[in-house]
Amino acid sequence: MIRRHGCMVFAVLMLPILSAQDAVAQIRGSERGTVSQVLDGTTVTVGYARVAARGRELFGALVPYDSPWTGANWATTLSADKDIRLNGVEVPAGTYSVWIVPRDGTWRVSLDPKSDYYHFQKPDSSAEQIHLTAEPRTAPHSELLTWTVPAVSGDVAILRMHWGTTTLPIQVEVTPTRAVTLPEEERAVYTGTYRVEIPPGIGWPATATFVVTSKDGMLRGHLPFGIHPGDDLDFDLLPAGIDRFNAQLYRNGKVFNVEAGVIFEFRTDGDAATGVTFRGVEGSSFGEGTRVGRRSATPGG
């Protein structure tokens, strides 16, 4: 107490006293997380807030259908230091905010070139945005929103969002740095005819003849049906690792797409392939083939 000019003045020093509950309240509820993957020299990175489910009903309730959603706090971002493809859609190198539109069916994913949105600042649609579709799947519960890269194969990977019991896988492809041609002696290892057994549920016939030939320094595959409806029956086999190839597809005689989601994995014995397995990028088999004949490489091919 200080007496000054007959008046009593109290000097009070107010110090904050925090309870344990107050201290916890100062901690950010959804900490920032990142996942990064290098694919054949291209780096892809996702940054996001790891928001918790906390017993809430998520998609279709907390996150309404048909409304853009990016997570908590600052928007989820996707960065690529080179051009990539997401589910077959071209995405130039750069950093984007990621906006997922959940629906009762196929979901939409939009990339906005402005990356520093806060989660409630939903961007207006613009010509600069990039849109793609993705199919949600059901999975065991994940309490925290999590982005992972569960499968990597050469120049393709699966980028997956997982929150609650919902996952959203997105295929990432990069431009390969490897040569697509092979020396004649290497092409001869694989040329021939394969009898393939295909399990039910794929949408293809139960059996098929897969023929591999050589042309202009490249391996060519032929199936009696298109890998997708509308594809030409002949396609290139692009190297994707040891004894592994992706299909470069054609439509009306013009290159349409590299289908990195289908891998042709050959089994070899010495200098010749004895069989082939059709695999998805996540490793599952949807076709087992045995070599039944051999076709020589095209002269001068």
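Assorted remarks:
- Flag for Val276 being buried (at least 17 other Cβ atoms within 10 Å of the Cβ), at pLDDT 90 or above and assigned by TED's automatic domain parsing to the domain that holds Leu219: yes
- The set of residues in region 105-121 being surrounded by fewer than 16 Cβ atoms within 10 Å (Cβ to Cβ) and either over 17 Å from Ser79 (Cβ atoms) or modelled with pLDDT of 95 or more (or both) consists of Gly105, Thr106, Arg108, Tyr118, Phe120, Gln121.
- Search result, residues across region 117-159 that are of a type in the set (A, V, I, L, M, F, W, C) and under 13 Å from the mean Cα position of the chain (by Cα): Leu132, Ala134, Trp147, Val149, Ala151, Val152, Val156, Ala157, Ile158, Leu159
Yes or no, residue by residue, for (1) surrounded by fewer than 18 Cβ atoms within 10 Å (Cβ to Cβ); (2) under 20 Å from Thr70 (Cβ atoms); (3) in contact with an Asp or Glu (Cβ under 7 Å, 6 or more places away or on another chain):
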{"residue": "Thr138", "(1), (2), (3)": "yes, no, no"}
{"residue": "Val149", "(1), (2), (3)": "yes, yes, no"}
{"residue": "Ile158", "(1), (2), (3)": "no, no, yes"}
{"residue": "Met161", "(1), (2), (3)": "no, yes, no"}
{"residue": "Thr166", "(1), (2), (3)": "no, yes, no"}
{"residue": "Pro169", "(1), (2), (3)": "no, yes, no"}
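- Qualifying residue in region 178-189 (condition: modelled with pLDDT of 95 or more and either under 29 Å from Tyr96 (Cβ atoms) or in contact with a Gly (Cβ under 7 Å, 6 or more places away or on another chain) (or both)): no
- Verdict on Leu168 being in contact (Cβ under 8 Å) with a residue 12 or more places away in the chain, in a strand (DSSP E or B) and among the aliphatic types (A, V, I, L, M): yes
- Of all residues in region 237-265 being at pLDDT below 95 and of a type in the set (Asp, Glu), the one that is surrounded by the most Cβ atoms within 10 Å (Cβ to Cβ): Glu259
- Condition check for Arg103: of a type in the set (Lys, Arg), within 26 Å of Glu143 (Cα to Cα) and within 16 Å of the chain's Cα centre (by Cα): no
- Against the list (1) more than 14 Å from Leu144 (Cα to Cα); (2) within 21 Å of the chain's Cα centre (by Cα), the condition Gly71 fails is (1).
- Filtered residue count, region 58-68, keeping only those that are surrounded by 16 or more Cβ atoms within 10 Å (Cβ to Cβ) and either touching a residue at least 40 places away in the same chain (Cβ under 8 Å) or of a type in the set (Ser, Thr, Tyr) (or both): 3
- Strands (runs of 3 or more DSSP E) wholly inside region 189-301 containing at least 3 residues that are charged (D, E, K, R): 254-269
The values are calculated or read from the model by the stated rules, or taken from the named source; none is laboratory data. Not measured: the values here are computed from a predicted model. For neighbour counting, all protein chains shown are included, and Cβ atoms are generated from backbone atoms with ideal geometry for every residue, glycine included.
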